[in-house]
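Inspection log for the structure reproduced underneath, given as C-alpha coordinates.
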Amino acid sequence: MTTRGRRLLLLAAGLYLVSWGFGTAVMFPVAVGLVLAPLAALGWVKALDRPMLLRRRTGHLELTEGQSVDVGLEVRPDTGGPLPGRAILLDRLGSTHVVEAEVVRRGRILRGRYEIVHAPRGRYRMDGAELLIADPFGLAHARIQLDRADQMLVYPRVYDLEGLFTDGGTPGGDRGRSMLHRTAGYDLHSIREHQQGESLRRVHWRSTARRRQLMVKELQDTPRDEACVVLDGEAAALTGASPDTTYDVQVRAAASLLRRMSDAGQRSSLIIHAAQRTRHRLGFGSGDWASVLGELAATEADAPRPLADYLAESSRGPDPVDAARVFIVTAGMSAVLAERILNLSSAQCDPAVVWVDGATFSANGRARDTAPEAAALRLTRSGIAVARIRKGDHVGQALSAPVLRLVVARA
(Lines give C-alpha, C1' and ligand atoms only; values in the text may rest on other atoms or scores of the structure.)
Protein backbone atom coordinates (compact mmCIF):
# COMPACT_ATOMS: atom_id res chain seq x y z
CA MET A 1 0.00 0.00 0.00
CA THR A 2 1.25 3.48 -0.86
CA THR A 3 1.59 6.45 1.48
CA ARG A 4 -1.58 7.93 -0.02
CA GLY A 5 -3.51 4.76 0.79
CA ARG A 6 -2.30 4.72 4.39
CA ARG A 7 -3.23 8.39 4.83
CA LEU A 8 -6.68 7.63 3.47
CA LEU A 9 -7.13 4.89 6.09
CA LEU A 10 -6.07 7.33 8.81
CA LEU A 11 -8.57 9.87 7.50
CA ALA A 12 -11.33 7.24 7.56
CA ALA A 13 -10.45 6.32 11.15
CA GLY A 14 -10.54 10.00 12.13
CA LEU A 15 -13.95 10.54 10.58
CA TYR A 16 -15.27 7.47 12.35
CA LEU A 17 -14.01 8.70 15.71
CA VAL A 18 -15.41 12.19 15.15
CA SER A 19 -18.83 10.76 14.21
CA TRP A 20 -18.82 8.47 17.22
CA GLY A 21 -17.74 11.29 19.56
CA PHE A 22 -20.47 13.65 18.42
CA GLY A 23 -23.05 10.89 18.36
CA THR A 24 -24.02 11.38 14.71
CA ALA A 25 -24.17 8.70 11.99
CA VAL A 26 -23.90 11.09 9.03
CA MET A 27 -20.15 10.52 8.54
CA PHE A 28 -20.22 6.73 9.04
CA PRO A 29 -20.90 5.91 5.35
CA VAL A 30 -18.10 8.27 4.27
CA ALA A 31 -15.67 6.64 6.71
CA VAL A 32 -16.61 3.16 5.54
CA GLY A 33 -16.18 4.20 1.91
CA LEU A 34 -12.74 5.65 2.64
CA VAL A 35 -11.73 2.36 4.26
CA LEU A 36 -13.00 0.20 1.41
CA ALA A 37 -11.26 2.22 -1.34
CA PRO A 38 -7.60 1.45 -0.38
CA LEU A 39 -8.52 -2.13 0.58
CA ALA A 40 -10.14 -2.69 -2.81
CA ALA A 41 -7.10 -1.17 -4.54
CA LEU A 42 -4.80 -3.43 -2.52
CA GLY A 43 -6.83 -6.50 -3.47
CA TRP A 44 -6.77 -5.55 -7.16
CA VAL A 45 -3.00 -5.07 -7.11
CA LYS A 46 -2.48 -8.37 -5.30
CA ALA A 47 -4.49 -10.12 -8.02
CA LEU A 48 -2.08 -8.74 -10.66
CA ASP A 49 1.06 -9.49 -8.62
CA ARG A 50 2.40 -12.70 -10.19
CA PRO A 51 5.49 -13.79 -12.19
CA MET A 52 6.00 -11.96 -15.48
CA LEU A 53 8.29 -12.58 -18.47
CA LEU A 54 10.28 -9.74 -20.07
CA ARG A 55 11.64 -9.55 -23.59
CA ARG A 56 13.80 -6.73 -24.95
CA ARG A 57 14.23 -5.90 -28.63
CA THR A 58 16.81 -3.63 -30.25
CA GLY A 59 16.54 -2.50 -33.84
CA HIS A 60 20.29 -2.78 -34.58
CA LEU A 61 22.44 -5.87 -34.69
CA GLU A 62 25.69 -3.88 -34.56
CA LEU A 63 25.58 -0.65 -32.58
CA THR A 64 28.20 2.05 -33.00
CA GLU A 65 28.86 4.75 -30.45
CA GLY A 66 26.90 7.92 -31.06
CA GLN A 67 23.84 6.11 -32.41
CA SER A 68 20.44 6.41 -30.75
CA VAL A 69 19.09 3.01 -29.79
CA ASP A 70 15.41 2.09 -29.47
CA VAL A 71 14.79 -0.68 -26.96
CA GLY A 72 11.42 -2.39 -27.36
CA LEU A 73 9.80 -3.97 -24.30
CA GLU A 74 7.33 -6.86 -24.10
CA VAL A 75 5.96 -8.11 -20.77
CA ARG A 76 3.60 -11.05 -20.54
CA PRO A 77 2.39 -13.17 -17.60
CA ASP A 78 4.14 -16.46 -16.95
CA THR A 79 0.71 -18.01 -16.41
CA GLY A 80 -2.81 -16.93 -17.36
CA GLY A 81 -4.67 -14.15 -15.63
CA PRO A 82 -5.62 -10.48 -15.97
CA LEU A 83 -3.20 -7.73 -16.94
CA PRO A 84 -3.20 -4.06 -15.91
CA GLY A 85 -4.11 -1.45 -18.51
CA ARG A 86 -0.72 0.21 -18.07
CA ALA A 87 2.31 -0.08 -15.82
CA ILE A 88 5.79 1.37 -15.34
CA LEU A 89 8.90 -0.67 -16.13
CA LEU A 90 12.18 0.26 -14.44
CA ASP A 91 15.10 -1.09 -16.47
CA ARG A 92 18.66 -1.01 -15.19
CA LEU A 93 21.55 -0.30 -17.58
CA GLY A 94 24.87 -1.18 -16.04
CA SER A 95 25.37 -0.59 -12.34
CA THR A 96 24.07 2.96 -11.98
CA HIS A 97 21.71 4.05 -14.75
CA VAL A 98 17.96 3.30 -14.40
CA VAL A 99 15.50 3.96 -17.24
CA GLU A 100 11.77 4.40 -16.64
CA ALA A 101 9.37 3.41 -19.43
CA GLU A 102 5.60 3.06 -19.63
CA VAL A 103 4.15 -0.21 -20.93
CA VAL A 104 0.55 -0.38 -22.20
CA ARG A 105 -1.64 -3.45 -22.58
CA ARG A 106 -2.18 -4.54 -26.14
CA GLY A 107 -4.03 -7.82 -26.26
CA ARG A 108 -2.32 -10.21 -23.85
CA ILE A 109 1.01 -8.33 -23.79
CA LEU A 110 2.26 -5.14 -22.18
CA ARG A 111 4.30 -3.23 -24.76
CA GLY A 112 6.50 -0.18 -24.49
CA ARG A 113 9.83 1.31 -25.53
CA TYR A 114 12.55 3.69 -24.48
CA GLU A 115 15.44 5.33 -26.29
CA ILE A 116 19.11 5.52 -25.43
CA VAL A 117 20.28 8.75 -27.03
CA HIS A 118 23.86 8.91 -28.38
CA ALA A 119 24.91 5.62 -26.81
CA PRO A 120 28.54 5.70 -25.62
CA ARG A 121 30.97 2.88 -26.28
CA GLY A 122 30.79 0.00 -23.84
CA ARG A 123 29.30 -3.32 -22.83
CA TYR A 124 26.01 -2.82 -21.04
CA ARG A 125 24.44 -5.46 -18.85
CA MET A 126 20.68 -5.02 -18.75
CA ASP A 127 19.20 -6.79 -15.74
CA GLY A 128 17.42 -6.14 -12.45
CA ALA A 129 14.28 -4.83 -14.19
CA GLU A 130 11.13 -4.23 -12.17
CA LEU A 131 7.48 -3.84 -13.18
CA LEU A 132 5.61 -1.30 -11.05
CA ILE A 133 1.83 -1.92 -10.94
CA ALA A 134 -0.47 0.59 -9.24
CA ASP A 135 -4.19 1.36 -9.15
CA PRO A 136 -5.47 4.46 -10.99
CA PHE A 137 -5.69 6.48 -7.75
CA GLY A 138 -2.25 5.51 -6.47
CA LEU A 139 -3.54 3.87 -3.29
CA ALA A 140 -1.66 0.57 -3.64
CA HIS A 141 1.22 -0.72 -5.73
CA ALA A 142 3.33 -3.83 -6.26
CA ARG A 143 6.86 -4.35 -7.60
CA ILE A 144 7.40 -7.46 -9.71
CA GLN A 145 10.99 -8.57 -10.30
CA LEU A 146 11.62 -9.50 -13.95
CA ASP A 147 14.27 -12.20 -14.12
CA ARG A 148 15.82 -11.41 -17.48
CA ALA A 149 19.43 -10.44 -18.25
CA ASP A 150 20.58 -9.16 -21.64
CA GLN A 151 23.78 -7.62 -22.92
CA MET A 152 24.17 -4.77 -25.35
CA LEU A 153 27.51 -4.09 -27.00
CA VAL A 154 28.20 -0.65 -28.45
CA TYR A 155 31.25 -0.72 -30.72
CA PRO A 156 33.75 2.12 -31.06
CA ARG A 157 33.71 4.36 -34.10
CA VAL A 158 36.10 3.13 -36.81
CA TYR A 159 37.50 5.50 -39.44
CA ASP A 160 38.54 4.63 -42.99
CA LEU A 161 42.21 5.50 -43.35
CA GLU A 162 43.76 6.61 -46.62
CA GLY A 163 47.14 5.08 -45.96
CA LEU A 164 48.95 5.49 -42.64
CA PHE A 165 50.68 8.49 -41.15
CA THR A 166 53.91 6.47 -41.09
CA ASP A 167 53.96 6.36 -44.90
CA GLY A 168 54.68 10.07 -45.15
CA GLY A 169 57.75 10.12 -42.93
CA THR A 170 58.40 12.33 -39.93
CA PRO A 171 58.26 16.12 -39.72
CA GLY A 172 62.02 16.10 -39.51
CA GLY A 173 62.32 15.08 -43.13
CA ASP A 174 62.76 11.32 -42.86
CA ARG A 175 61.13 9.43 -45.66
CA GLY A 176 58.38 6.93 -44.88
CA ARG A 177 59.40 3.45 -43.92
CA SER A 178 57.37 0.62 -45.39
CA MET A 179 56.36 -2.52 -43.55
CA LEU A 180 58.23 -5.74 -44.20
CA HIS A 181 56.06 -8.29 -46.00
CA ARG A 182 58.42 -11.21 -46.42
CA THR A 183 56.87 -14.63 -46.00
CA ALA A 184 60.05 -16.19 -44.60
CA GLY A 185 59.86 -15.80 -40.85
CA TYR A 186 63.33 -17.04 -39.80
CA ASP A 187 66.58 -15.22 -39.14
CA LEU A 188 70.08 -16.64 -38.82
CA HIS A 189 70.70 -16.50 -35.08
CA SER A 190 74.06 -18.30 -34.71
CA ILE A 191 76.27 -21.11 -36.03
CA ARG A 192 77.19 -24.13 -33.92
CA GLU A 193 78.71 -27.56 -34.24
CA HIS A 194 76.69 -30.34 -35.81
CA GLN A 195 75.29 -32.92 -33.41
CA GLN A 196 74.85 -36.57 -34.27
CA GLY A 197 71.41 -37.32 -35.71
CA GLU A 198 70.66 -33.77 -36.91
CA SER A 199 69.54 -33.12 -40.46
CA LEU A 200 72.13 -31.95 -42.96
CA ARG A 201 69.76 -29.35 -44.40
CA ARG A 202 71.02 -26.72 -41.96
CA VAL A 203 74.72 -27.25 -42.66
CA HIS A 204 76.56 -23.96 -43.10
CA TRP A 205 79.07 -25.04 -45.76
CA ARG A 206 81.25 -21.96 -45.65
CA SER A 207 81.93 -22.35 -41.92
CA THR A 208 82.29 -26.10 -42.36
CA ALA A 209 85.03 -25.61 -44.95
CA ARG A 210 86.81 -23.03 -42.83
CA ARG A 211 86.73 -25.04 -39.59
CA ARG A 212 86.98 -28.48 -41.28
CA GLN A 213 84.05 -29.83 -39.24
CA LEU A 214 80.31 -29.84 -39.76
CA MET A 215 78.70 -26.56 -38.65
CA VAL A 216 74.91 -25.98 -38.70
CA LYS A 217 72.78 -22.86 -38.72
CA GLU A 218 70.72 -21.95 -35.66
CA LEU A 219 67.55 -20.22 -36.87
CA GLN A 220 65.26 -17.91 -34.94
CA ASP A 221 61.59 -17.38 -35.71
CA THR A 222 60.94 -13.69 -36.38
CA PRO A 223 57.46 -12.39 -37.20
CA ARG A 224 58.56 -10.07 -39.97
CA ASP A 225 55.12 -9.51 -41.45
CA GLU A 226 53.25 -8.74 -38.20
CA ALA A 227 52.21 -5.38 -36.85
CA CYS A 228 51.19 -4.79 -33.25
CA VAL A 229 48.94 -2.11 -31.77
CA VAL A 230 49.55 -1.40 -28.07
CA LEU A 231 46.62 0.40 -26.43
CA ASP A 232 47.66 2.23 -23.27
CA GLY A 233 44.90 2.08 -20.64
CA GLU A 234 46.72 3.85 -17.82
CA ALA A 235 44.10 5.17 -15.39
CA ALA A 236 46.18 8.19 -14.37
CA ALA A 237 46.28 9.46 -17.98
CA LEU A 238 42.49 9.47 -18.42
CA THR A 239 41.15 12.99 -19.06
CA GLY A 240 37.92 14.44 -20.38
CA ALA A 241 34.23 13.62 -20.08
CA SER A 242 32.44 10.64 -21.60
CA PRO A 243 31.86 9.88 -24.44
CA ASP A 244 34.90 11.85 -25.63
CA THR A 245 37.58 11.05 -23.08
CA THR A 246 41.19 10.57 -24.10
CA TYR A 247 40.73 6.81 -23.82
CA ASP A 248 37.67 6.86 -26.08
CA VAL A 249 39.79 8.58 -28.73
CA GLN A 250 42.59 6.07 -28.17
CA VAL A 251 40.19 3.18 -28.71
CA ARG A 252 38.93 4.72 -31.96
CA ALA A 253 42.50 5.19 -33.15
CA ALA A 254 43.48 1.60 -32.28
CA ALA A 255 40.39 0.20 -33.99
CA SER A 256 41.03 2.27 -37.12
CA LEU A 257 44.64 1.10 -37.35
CA LEU A 258 43.65 -2.54 -36.93
CA ARG A 259 40.88 -2.25 -39.50
CA ARG A 260 43.30 -0.74 -42.01
CA MET A 261 45.76 -3.61 -41.56
CA SER A 262 43.01 -6.25 -41.53
CA ASP A 263 41.55 -4.99 -44.80
CA ALA A 264 45.03 -5.07 -46.34
CA GLY A 265 45.52 -8.71 -45.30
CA GLN A 266 48.20 -7.74 -42.81
CA ARG A 267 48.76 -10.07 -39.89
CA SER A 268 48.45 -8.01 -36.71
CA SER A 269 47.80 -8.16 -33.00
CA LEU A 270 46.34 -5.97 -30.28
CA ILE A 271 47.77 -5.60 -26.78
CA ILE A 272 45.49 -3.87 -24.27
CA HIS A 273 47.43 -2.48 -21.32
CA ALA A 274 44.76 -2.53 -18.62
CA ALA A 275 44.24 -3.98 -15.16
CA GLN A 276 43.97 -7.36 -16.90
CA ARG A 277 46.47 -7.22 -19.76
CA THR A 278 45.29 -9.09 -22.84
CA ARG A 279 46.64 -9.87 -26.29
CA HIS A 280 44.55 -10.68 -29.35
CA ARG A 281 45.90 -11.78 -32.72
CA LEU A 282 44.31 -11.16 -36.08
CA GLY A 283 45.16 -13.53 -38.89
CA PHE A 284 44.94 -12.86 -42.59
CA GLY A 285 41.57 -11.42 -43.52
CA SER A 286 38.95 -10.29 -41.02
CA GLY A 287 37.84 -13.51 -39.32
CA ASP A 288 38.96 -12.35 -35.87
CA TRP A 289 37.90 -8.74 -36.38
CA ALA A 290 34.53 -9.06 -34.63
CA SER A 291 36.01 -10.47 -31.41
CA VAL A 292 38.75 -7.81 -31.31
CA LEU A 293 36.21 -5.05 -31.90
CA GLY A 294 34.14 -6.46 -29.03
CA GLU A 295 37.15 -6.27 -26.72
CA LEU A 296 37.74 -2.67 -27.74
CA ALA A 297 34.09 -1.88 -27.03
CA ALA A 298 34.31 -3.18 -23.46
CA THR A 299 37.79 -2.05 -22.46
CA GLU A 300 38.31 0.60 -19.78
CA ALA A 301 41.27 2.71 -18.72
CA ASP A 302 42.01 0.97 -15.43
CA ALA A 303 45.71 0.05 -15.63
CA PRO A 304 47.35 0.93 -12.28
CA ARG A 305 50.85 1.20 -13.76
CA PRO A 306 52.20 3.25 -16.66
CA LEU A 307 52.87 1.69 -20.05
CA ALA A 308 56.61 2.33 -19.70
CA ASP A 309 56.80 -0.30 -16.94
CA TYR A 310 55.11 -2.88 -19.15
CA LEU A 311 57.45 -2.18 -22.08
CA ALA A 312 60.44 -2.61 -19.78
CA GLU A 313 59.10 -5.93 -18.45
CA SER A 314 57.96 -7.27 -21.83
CA SER A 315 61.51 -7.30 -23.18
CA ARG A 316 62.39 -9.83 -20.49
CA GLY A 317 59.04 -11.60 -20.12
CA PRO A 318 57.40 -14.53 -21.93
CA ASP A 319 55.17 -12.29 -24.08
CA PRO A 320 57.40 -9.64 -25.63
CA VAL A 321 56.34 -6.96 -28.10
CA ASP A 322 58.00 -8.70 -31.04
CA ALA A 323 56.45 -7.33 -34.21
CA ALA A 324 58.10 -5.61 -37.15
CA ARG A 325 55.98 -2.49 -36.65
CA VAL A 326 54.56 -1.45 -33.27
CA PHE A 327 51.97 1.30 -32.92
CA ILE A 328 51.88 2.78 -29.41
CA VAL A 329 48.50 4.47 -28.79
CA THR A 330 48.80 6.49 -25.58
CA ALA A 331 47.68 9.58 -23.72
CA GLY A 332 50.43 9.26 -21.11
CA MET A 333 53.36 10.65 -23.07
CA SER A 334 56.42 11.05 -20.84
CA ALA A 335 60.21 11.06 -20.98
CA VAL A 336 60.34 7.53 -19.53
CA LEU A 337 57.92 6.22 -22.15
CA ALA A 338 59.90 7.91 -24.92
CA GLU A 339 63.03 6.15 -23.67
CA ARG A 340 61.28 2.77 -23.75
CA ILE A 341 60.04 3.41 -27.29
CA LEU A 342 63.56 4.30 -28.42
CA ASN A 343 64.73 1.01 -26.94
CA LEU A 344 62.15 -0.76 -29.09
CA SER A 345 63.55 1.01 -32.13
CA SER A 346 67.02 -0.32 -31.37
CA ALA A 347 65.73 -3.92 -31.02
CA GLN A 348 64.94 -4.59 -34.70
CA CYS A 349 61.50 -3.05 -34.29
CA ASP A 350 59.95 -0.12 -36.13
CA PRO A 351 57.79 1.79 -33.61
CA ALA A 352 55.29 4.56 -34.28
CA VAL A 353 53.29 6.59 -31.79
CA VAL A 354 49.73 7.87 -31.71
CA TRP A 355 49.68 10.51 -28.98
CA VAL A 356 46.31 11.71 -27.71
CA ASP A 357 47.15 15.06 -26.14
CA GLY A 358 45.36 14.93 -22.78
CA ALA A 359 46.09 18.57 -21.98
CA THR A 360 43.64 19.68 -24.67
CA PHE A 361 40.90 17.56 -23.06
CA SER A 362 41.27 19.17 -19.64
CA ALA A 363 38.64 21.75 -18.70
CA ASN A 364 40.20 23.13 -15.50
CA GLY A 365 42.42 25.61 -17.27
CA ARG A 366 45.58 24.60 -15.43
CA ALA A 367 49.04 25.48 -16.70
CA ARG A 368 50.15 23.34 -19.61
CA ASP A 369 52.84 20.76 -18.93
CA THR A 370 55.57 20.93 -21.55
CA ALA A 371 57.15 17.56 -20.64
CA PRO A 372 54.91 15.48 -22.97
CA GLU A 373 55.66 17.81 -25.88
CA ALA A 374 59.38 17.52 -25.20
CA ALA A 375 59.13 13.71 -25.14
CA ALA A 376 57.18 13.66 -28.42
CA LEU A 377 59.71 16.04 -30.01
CA ARG A 378 62.54 13.74 -28.96
CA LEU A 379 60.84 10.80 -30.66
CA THR A 380 60.25 12.80 -33.83
CA ARG A 381 63.88 13.93 -34.00
CA SER A 382 64.94 10.28 -33.58
CA GLY A 383 63.04 9.34 -36.74
CA ILE A 384 59.94 7.85 -35.08
CA ALA A 385 56.63 8.85 -36.64
CA VAL A 386 54.29 10.56 -34.15
CA ALA A 387 50.64 11.35 -34.86
CA ARG A 388 49.28 13.90 -32.39
CA ILE A 389 45.53 14.04 -31.80
CA ARG A 390 44.05 17.01 -29.95
CA LYS A 391 40.51 17.45 -28.73
CA GLY A 392 38.22 18.05 -31.69
CA ASP A 393 40.64 16.61 -34.28
CA HIS A 394 39.35 14.13 -36.84
CA VAL A 395 40.92 10.82 -35.90
CA GLY A 396 40.82 9.45 -39.44
CA GLN A 397 42.64 12.45 -40.88
CA ALA A 398 45.26 12.41 -38.11
CA LEU A 399 46.11 8.75 -38.78
CA SER A 400 45.99 8.83 -42.58
CA ALA A 401 48.94 9.48 -44.83
CA PRO A 402 49.45 13.15 -45.66
CA VAL A 403 48.18 14.07 -49.10
CA LEU A 404 49.82 16.68 -51.26
CA ARG A 405 47.24 18.83 -53.03
CA LEU A 406 48.30 21.00 -55.92
CA VAL A 407 46.26 24.10 -56.67
CA VAL A 408 46.62 25.40 -60.22
CA ALA A 409 45.86 29.09 -60.58
CA ARG A 410 43.81 30.01 -63.59
CA ALA A 411 45.14 32.68 -65.90
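Worth a mention:
- Selection status of D160, assigned to a loop (DSSP other than H, G, I, E, B) and at pLDDT 85 or above: yes
- Considering residues of the range 368-390 that are outside any helix (DSSP H, G or I) and hydroxyl-bearing (S, T, Y) only, the residue farthest from the chain's Cα centre (by Cα): S382
- Residue match in the range 10-28 (condition: modelled with pLDDT of 80 or more, in contact with a helix residue (DSSP H, G or I) (Cβ under 9 Å, 6 or more places away or on another chain) and surrounded by 16 or more Cβ atoms within 10 Å (Cβ to Cβ)): no
- Pick from the range 182-238, criterion assigned to a strand (DSSP E or B) and among the small types (G, A, S), ranking: modelled with the highest pLDDT: A227
- Residue ID - least open to solvent (accessible area, probe 1.4 Å), chosen from residues in the range 96-112 that are of a type outside the set (A, V, I, L, M) and under 23 Å from T3 (Cα atoms): E102
- In the range 113-144, residue farthest from P51 (Cα to Cα) [restricted to those that are of a type in the set (D, E) and part of a strand (DSSP E or B)]: E115
- Test: residue in the range 65-81 that is of a type in the set (D, E), out of contact with any helix residue (DSSP H, G or I) (no Cβ under 7 Å at 6 or more places or on another chain) and closer than 23 Å to G138 by Cβ: no
- Only one of the numbered conditions (1) more than 19 Å from the chain's Cα centre (by Cα); (2) surrounded by fewer than 20 Cβ atoms within 10 Å (Cβ to Cβ) is violated by R157, and that is (1).
- Qualifying residue in the range 58-68 (condition: assigned to a helix (DSSP H, G or I), among the aliphatic types (A, V, I, L, M) and either open to solvent by 30 Å² or more (accessible area, probe 1.4 Å) or touching a Lys or Arg at 6+ places or on another chain (Cβ under 9 Å) (or both)): no
- Residue count for the range 113-133, restricted to those that are in contact with a helix residue (DSSP H, G or I) (Cβ under 7 Å, 6 or more places away or on another chain) and open to solvent by 40 Å² or more (accessible area, probe 1.4 Å): 1
- Members of the range 394-406 found to be buried (at least 16 other Cβ atoms within 10 Å of the Cβ) and at pLDDT 90 or above, listed by number: V395, G396, A398, L399
- Selection within the range 258-287 - in a loop (DSSP other than H, G, I, E, B) and either open to solvent by less than 70 Å² (accessible area, probe 1.4 Å) or modelled with pLDDT of 90 or more (or both): G265, Q266, A274, A275, G283, G285
- So A255, is it open to solvent by less than 30 Å² (accessible area, probe 1.4 Å) and either touching a residue at least 12 places away in the same chain (Cβ under 8 Å) or not in a loop (DSSP other than H, G, I, E, B) (or both): yes
- Identity of the residue in the range 76-95, exposed (fewer than 11 other Cβ atoms within 10 Å of the Cβ) and under 39 Å from the mean Cα position of the chain (by Cα), that ends up modelled with the highest pLDDT: D78
- Tabulated pairs, the range 328-343, first closer than 19 Å to T370 by Cβ and part of a loop (DSSP other than H, G, I, E, B), second of a type in the set (D, E, K, R) and at pLDDT 90 or above, C-beta under 7 angstrom, 6+ apart or interchain: A331/D232; G332/D232; G332/E234
- The set of residues in the range 1-47 that are part of a helix (DSSP H, G or I), under 52 Å from the mean Cα position of the chain (by Cα) and of a type in the set (V, I, T) comprises T3, V45.
The values are calculated or read from the model by the stated rules, or taken from the named source; none is laboratory data. It should be emphasised that the depicted structure is a prediction, and the values quoted were computed from it without experimental measurement. With ideal geometry, Cβ positions are generated from the backbone for all residues, glycine too; neighbour counts draw on all protein chains shown. Protein only, heavy atoms only, side chains kept; ligands, DNA and RNA dropped before computing areas. Shrake-Rupley method; radii C 1.70, N 1.55, O 1.52, S 1.80 Å.
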